[in-house]
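Undergrad: Next up is a structure, given as structure tokens.
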């Protein structure tokens, strides 16, 4: 047998620890003398859970990539002919403009910002000829198919696509090429079929599986003119998903009837097995590439649509998705408490018991600290207060200001053990926003009690508050993130401006060109110790579980929380990669923790068999 050195020209390295790992070391083999193992940096192939679809459905279509995907047209009860469209950013699905013609079992091709939905079926009814084009937010009419068809496979991009096979009243072997304006006749399939899946481009396309009408294992390749047979699937596949934006020589097919979890990969010549999905299902959507695919929706039983999303990755990296998970419960659940510090050293102070109704007697001065797993009751604040604002760098350096029940104009500072008096705020205000550290804090907005909204901005130097330039408009129930010289706020009570972002540079406020993906109404939460370029907002009183991240340029959705709630005030400590929310609506004691996604190069241990 040939030795490694004779094949690669080098000997296996003898190391006491693993080398620094990155893509440049892929394929490298070494011996770790400390662990006594041979190791290599090789592709790790695996499915992991992704964010759930906003609406369940099956016979759903998809195009795009794992971080810029599009799902559209689906069968879902009671609105069987569903035109719902959702975009996927690798962390969350967000609803966009609906198709003009609701349908399912449609043909799709293109990318997230330039997609085509052609044909499909309506129930009750028959196949449709309608074509629609997606431009990044809404659909518009395209050229209709020459004849109605359902179950066709799609290949390519908007201006150079192929609609192949399907059912036009009977199973067809015809192909149609689309140039973004008109359809023309393409090459004829060797095997007529419906329900096949496609990938690649017009001049190097691929379809596989489907029904002829019997279940098929057939694969065909397209060169832009004619179809030729490729290697057969390992087993027949119908009602399955595929990596819609993969290539002719590197594609995967997954799931299928009856509730299959199997995954097959194609290398341009033959198919081989890949790891199974976590949840077997049929009539699912697929998008992405052979090394970064998404399986979404589908069904596991009669008339039961799924929201399940899974991601397939073939990479040298171990990939962990961003996620919220349950933390330890607070000792005393409450509403509208103030919070400060970070995910693993959060402080929550004050708040009120909302049932039967908030009143002075229901307001609390209770304070609890979180250590990353459990809550401990610590020294109470000198006075009861709710709807107050908090900020601070850590559990040993924070402050709470303002609030109501009773009306407060005081500030109190916390050193990890005791509370001491701080500077007075100019006026009674509830639901103001607060960020920064004790020696350089920023507070803005709020509302009187009773009284209208406030647009004041005030700064704290560790002993007293001074007035700064006013906010662009009155606001309360909004969320502020950052420092005294670089902050950003969004959300709040004023409906016309809930989606806007406003940045503060230490002197002036300006409107960011970015807007929230989903408007956040009042009483939301924020990752309060984030920065102007790593901010997070979450929740809101509309019953949303959404969390959104701002990087200083754009906003995108990240993993959603498990439970909707509001009146958390600034109960979310941390930043856009590590955050926590505690307390809130209905006096909950629940805590949820957020950890951002990671992708880490990982060495594999080589074993003998």
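The values are calculated or read from the model by the stated rules, or taken from the named source; none is laboratory data. None of these values were measured; they are calculated from a predicted model. Note: ideal-geometry Cβ built from the backbone for every residue, glycine included; neighbour counts use all protein chains shown.
Undergrad: Got a sec? Which strands (runs of 3 or more DSSP E) wholly within the stretch 460-542 have at least 1 residues that are closer than 21 Å to residue 425 by Cβ?
TA: Counting at least 1 such residues, we get 465-468, 479-483, 486-490, 500-504, 509-515.
Undergrad: Continuing with the same structure: Just checking, does the stretch 366-374 include any residue being buried (at least 20 other Cβ atoms within 10 Å of the Cβ), in a strand (DSSP E or B), touching a strand residue (DSSP E or B) at 6+ places or on another chain (Cβ under 9 Å) and at pLDDT below 95?
TA: Among the residues of the stretch 366-374, not one is buried (at least 20 other Cβ atoms within 10 Å of the Cβ), in a strand (DSSP E or B), touching a strand residue (DSSP E or B) at 6+ places or on another chain (Cβ under 9 Å) and at pLDDT below 95, which makes the answer no.
Undergrad: Return the total of residues in the stretch 243-254 being in a strand (DSSP E or B) and under 22 Å from residue 297 (Cα atoms).
TA: The qualifying residues number 4.
Undergrad: Counting just the residues of the stretch 49-62 that are surrounded by 15 or more Cβ atoms within 10 Å (Cβ to Cβ) and closer than 22 Å to residue 315 by Cβ, which one comes out modelled with the highest pLDDT?
TA: Within the stretch 49-62, the match that is modelled with the highest pLDDT is 62.
Undergrad: Regarding residue 275, is this residue in the same structural domain as residue 61 (by TED's automatic domain parsing) and without any contact (Cβ under 8 Å) to a residue 12 or more places away in the chain?
TA: no
Undergrad: Restricting the search to the stretch 490-499, which residues are in contact with a strand residue (DSSP E or B) (Cβ under 6 Å, 6 or more places away or on another chain) and either more than 17 Å from residue 549 (Cα to Cα) or surrounded by fewer than 20 Cβ atoms within 10 Å (Cβ to Cβ) (or both)?
TA: Listed by number, the list holds a single entry, 499.
Undergrad: Test residue 261 against the criterion of being within 27 Å of residue 317 (Cβ to Cβ), over 23 Å from the mean Cα position of the chain (by Cα), part of a loop (DSSP other than H, G, I, E, B) and touching a residue at least 12 places away in the same chain (Cβ under 8 Å), and give yes or no.
TA: yes
Undergrad: Out of all the residues in the stretch 80-92, which are buried (at least 23 other Cβ atoms within 10 Å of the Cβ) and under 8 Å from the mean Cα position of the chain (by Cα)?
TA: 88, 92
Undergrad: Please pick out the residue among 401, 421 that is farther than 13 Å from residue 367 by Cα and buried (at least 22 other Cβ atoms within 10 Å of the Cβ).
TA: Just a single option satisfies the conditions, and that option is 401.
Undergrad: Can I ask one more? Select from the stretch 432-459 the residues that are more than 34 Å from the chain's Cα centre (by Cα) and assigned to a strand (DSSP E or B) and write down the one among them that is nearest to residue 387 (Cα to Cα).
TA: 458
Undergrad: How many residues, within the stretch 398-431, are outside any loop (DSSP other than H, G, I, E, B) and under 39 Å from the mean Cα position of the chain (by Cα)?
TA: 10
Undergrad: What number of residues within the stretch 527-542 satisfy the criterion of being modelled with pLDDT under 90 and closer than 22 Å to residue 350 by Cα?
TA: Going through the stretch 527-542 one residue at a time, the tally reaches 5.
Undergrad: Identify the single condition in (1) touching a residue at least 24 places away in the same chain (Cβ under 8 Å); (2) touching a strand residue (DSSP E or B) at 6+ places or on another chain (Cβ under 7 Å); (3) more than 20 Å from residue 566 (Cβ to Cβ) that residue 466 does not satisfy, given that it satisfies every other one.
TA: All conditions pass for residue 466, except number (1).
Undergrad: Right, next: Kindly provide the set of residues from the stretch 313-348 that are surrounded by 24 or more Cβ atoms within 10 Å (Cβ to Cβ) and in contact with a helix residue (DSSP H, G or I) (Cβ under 9 Å, 6 or more places away or on another chain), ordered by number.
TA: Of everything in the stretch 313-348, those that are surrounded by 24 or more Cβ atoms within 10 Å (Cβ to Cβ) and in contact with a helix residue (DSSP H, G or I) (Cβ under 9 Å, 6 or more places away or on another chain) turn out to be 334, 335.
Undergrad: Determine which member of the set 563, 553, 545 is more than 22 Å from residue 348 (Cβ to Cβ) and in a loop (DSSP other than H, G, I, E, B).
TA: When all the criteria are applied, what remains is 553.
Undergrad: Select, from 229, 173, the only residue that is touching a strand residue (DSSP E or B) at 6+ places or on another chain (Cβ under 7 Å), at pLDDT 95 or above and more than 19 Å from residue 283 (Cα to Cα).
TA: Criteria check complete, one pass: 229.
Undergrad: Output the residues belonging to the stretch 123-152 that are crowded, with 19+ Cβ neighbours inside 10 Å and either over 15 Å from residue 183 (Cβ atoms) or outside the structural domain of residue 209 (by TED's automatic domain parsing) (or both).
TA: Correct list: 127, 134, 139, 150, 151.
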